[in-house]
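A short write-up of the structure that comes next.
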Amino acid sequence: MGRKRVTIADLAEESGVSISTINRILAGTDNVRAATIERVQEAAQRIGYYGEGVLSARRESALPKFKFGFLLQQSSRDLYRLFGEKIREAAAARYAEHIDCLIDFVDLLEPANIAQRLRALGQECDAVAIIAADHPLIGQAIRELSEKGTSVVTYITDQSAPERAGYVGTDNWKIGRTAAFFISQMTSGPGRIAMYIGNHRYQCQDVAEASFRSYIREHAPHLVVADPEPTHEDSTRAYNLVREEFQNHEDLKGILIVGGGISGVLRAMREVPKERRSQVRVICRDIGPETRKGLTEGLVTAALCHPLEQTSQMLIQTMLDAHQRKGNDSTLQRTVPFEIITPENI
């Protein structure tokens with residue numbers, strides 16, 4: 001005798017729902033919760049119900065749908081393209097929602113241009129995330145979007161706009177002190193430390209600079225920390241700055257770069273005689289192909305990085321939380337521990 005055909009009644013009994021609920025699911029009625037459809041789908045798999053594929057499609061169509069926008073920087077930089085890839089992966093891995101990602105890259109980093117692009121992205125999306133220097137024009141755009149019901153979450157570096165819905169990034173105070181620890185512990189005698197930032201309006205970089213100086217004052221007062229030089233996220237400018245630093249300062253002991261331009265820093269390092277550059281400790285932020293190459297060559301002492309998978313997952317979750325609590329005046333603060341990558345653990 002052949003195996004008895006599994007019926008809708010069997011499926012209803014196994015899943016603990018009514019036959020009418022099963023019929024509504026199979027008919028594509030939209031008033032059945034995704035969680036209920038999932039329970040029925042799992043029961044269908046257990047007992048071998050022939051319509052399991054239909055149930056799977058019904059569950060997918062019943063998922064809540066969101067459109068999230070992400071305003072990243074400089075499409076020419078591998079790091080930001082990698083950020084975009086990891087964000088898409090994190091959204092695709094969500095099981096209880098369907099999230100459509102709209103990722104935009106800003107190459108012209110003028111505040112007015114970023115604010116305009118943020119407004120345009122916010123018109124299309126339920127929530128948006130932004131990486132940008134802190135500026136009143138961008139703050140005004142965040143305020144306008146918030147008033148229209150679109151949540152704005154800052155990513156990697158924060159904004160001062162009180163209307164932002166959340167922030168996701170690392171503890172930049174600890175980043176700065178950790179960088180100072182590396183340089184001070186791996187050098188000897190008095191000397192100079194050069195510091196390079198993207199520009200003076202990135203909050204994450206300002207905090208890292210302040211904590212770096214705090215550690216040096218406390219533990220290594222024999223080291224002099226130069227005023228930070230902005231690279232404006234440009235590798236050629238970073239190259240010229242580092243080359244001049246080597247030409248003008250024989251006592252250079254360390255380089256901290258917390259903004260863009262690492263490829264320019266490494267290019268300048270490669271032009272310096274090996275015996276001299278080996279005396280200089282380089283600490284940078286995040287890891288892309290150029291940083292990885294610098295680590296393998298021994299030019300970079302350590303990279304203090306955002307764990308991209310974990311940070312992207314936290315960003316998606318924070319945007320969901322922010323969207324669902326619209327009207328709440330408090331700002332969600334989500335801090336992700338940073339990774340320390342050296343030539344020995346790359």
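State the antiparallel share, in %, of DSSP beta bridges confined to the chain, rounding to the nearest 5.
Values: 3 of 44 bridges.
Expressed as a percentage, antiparallel bridges in the chain total about 5.
When all protein chains stay in place, what accessible area (Å², nearest 10, 1.4 Å probe) is found for LYS65?
Accessible area of LYS65: about 120 Å².
Report the label-to-label distance for THR335 and GLN310 in nanometres (one decimal), using points 7 Å from each Cα along the Cα→Cβ vector.
Simple spin-label model gives 1.3 nm for this pair.
Counting only heavy atoms of the protein chains, get the accessible area per residue of segment 140-257 (1.4 Å probe) and round it to a whole Å² value.
So segment 140-257 comes to 41 Å² accessible per residue, rounded to a whole number.
Report the charge-dipole magnitude of the chain in Debye, nearest 20, computed about the Cα centre from +1 at each Lys and Arg Cβ and -1 at each Asp and Glu Cβ. Please report the intermediate quantities before stating the final value.
Details: 42 positive and 45 negative charges, 125 e Å.
Dipole size: approximately 600 debye.
Please list, ordered by chain and number, the residues whose modelled amide H lies under 5 Å from the amide H of LEU102; skip anything fewer than 5 residues away on the same chain.
PHE68, GLY69, PHE70
Counting only protein heavy atoms and using a 1.4 Å probe, what share of the accessible area of the chain belongs to carbon plus sulfur, as a whole percent? Don't skip to the end; give the middle numbers.
Numbers: 7700 of 16120 Å².
Looking at the chain in its full context, I get 48 percent from C and S.
Are there any chymotrypsin sites (Phe, Trp or Tyr not before Pro) in segment 80-149 that are in a DSSP loop and have at most 10 other Cβ atoms within 10 Å? List them by number. Don't skip to the answer; put the middle values down first.
Working: sites: TYR80, PHE83, TYR95, PHE105; in loops: TYR95.
Here the sparse-neighbourhood loop sites are TYR95.
Express in nm, to one decimal, how much length is gained between GLU110 and GLN247 on full extension, taking 0.36 nm for each residue of separation and deducting their alpha carbon distance.
On the way: separation 137, 0.36 × 137 = 49.32 nm, distance 3.17 nm.
Length gained, GLU110 through GLN247: 46.2 nm.
Structure shown: which of LYS174/LYS274; LYS253/LYS274; LYS67/LYS148; LYS67/LYS326; LYS148/LYS326 lie over 21 Å apart, alpha-carbon to alpha-carbon?
Numbers: LYS174/LYS274 31 Å; LYS253/LYS274 14 Å; LYS67/LYS148 16 Å; LYS67/LYS326 16 Å; LYS148/LYS326 10 Å.
LYS174/LYS274, as the Cα separations exceed 21 Å there.
Could you sort ASP78, ASP286 by their accessible area in this structure, using a 1.4 Å probe and putting the largest first?
On the way: ASP78 65, ASP286 15 Å².
These residues rank, largest area first, as ASP78, ASP286.
Would you mind giving the three semi-axes, in whole Å and largest first, of the ellipsoid equivalent to segment 259-311 according to its Cα gyration tensor? Could the numbers behind the result be given before it?
On the way: eigenvalues 98, 21, 15 Å².
The equivalent ellipsoid of segment 259-311 has semi-axes of 22, 10, 9 Å.
Choose one of TYR239, TRP173, ILE103: the residue whose Cα lies farthest towards the positive end of the charge dipole of the chain (beta-carbon charges +1 Lys, Arg; -1 Asp, Glu; about the Cα centre).
ILE103
To make sure I understand the rule: partners must be aspartates and glutamates, Cα under 19 Å from the Cα of LYS65, and not fewer than 8 residues away in the same chain. Which ones qualify?
Correct list for LYS65: ASP30, GLU38, GLU89, GLU97, ASP100, GLU124, ASP126, ASP321.
Length gain on complete extension for the stretch ILE19 to GLU344, per 0.36 nm per residue less the alpha carbon to alpha carbon distance? Each step should come with its number before you reach the end.
On the way: separation 325, 0.36 × 325 = 117.00 nm, distance 6.10 nm.
Full extension of this stretch gives 110.9 nm more.
Would you mind computing Rg(Cα) / (2.2 N^0.38 Å) for the chain, counting N as its residues?
1.26
Give the peptides 328-340, 36-48 in descending order of average Cβ contacts within 10 Å, highest first. The partial results should precede the final answer.
On the way: 328-340: 14.0, 36-48: 17.8.
Answer by packing, highest mean first, reads 36-48, 328-340.
With a cut-off of at most 14 other beta carbons within 10 Å, and DSSP calling the residue loop, which trypsin sites (Lys or Arg not before Pro) in segment 125-190 qualify? Please list them. If you can, show how the numbers build up before the last one.
On the way: sites: ARG143, LYS148, ARG164, LYS174, ARG177; in loops: LYS148, ARG164.
Hits after loop and neighbour filter: LYS148.
Taking 0.36 nm per intervening residue step and subtracting the Cα-Cα distance, what contour gain separates GLU144 from VAL6 on full extension? Mind showing how you got there, number by number?
Working: separation 138, 0.36 × 138 = 49.68 nm, distance 5.59 nm.
Between GLU144 and VAL6, full extension yields 44.1 nm more.
Out of GLN41, HIS249, ILE87, whose Cα points farthest toward the positive end of the dipole of the chain (charges: +1 Lys, Arg; -1 Asp, Glu; placed on Cβ)?
GLN41
Of CYS284, GLY198, LEU320, which is farthest along the charge dipole of the chain in the positive direction, counting Lys and Arg as +1 and Asp and Glu as -1 at C-beta?
My answer, from the dipole projection, is LEU320.
Report the Cα centroid-to-centroid distance between segment 104-164 and segment 256-285 in angstrom, as an integer.
Taking the Cα centre of each part, segment 104-164 and segment 256-285 sit 33 Å apart.
With viscosity set to 0.890 mPa s and temperature to 25 °C, compute the Stokes-Einstein D of segment 172-305, Rh being the Kirkwood radius across alpha carbon pairs; µm²/s, no decimals.
Taking Rh from Cα pairs, D becomes 171 µm²/s.
The values are calculated or read from the model by the stated rules, or taken from the named source; none is laboratory data. Everything numeric here is computed off the predicted structure, so don't read it as measured data. Backbone-built Cβ (ideal geometry, glycine too); neighbour counts: all protein chains shown. Accessible surface is based on the protein model in full, side chains and every heavy atom, while ligands, DNA and RNA are left aside. Shrake-Rupley method; radii C 1.70, N 1.55, O 1.52, S 1.80 Å.
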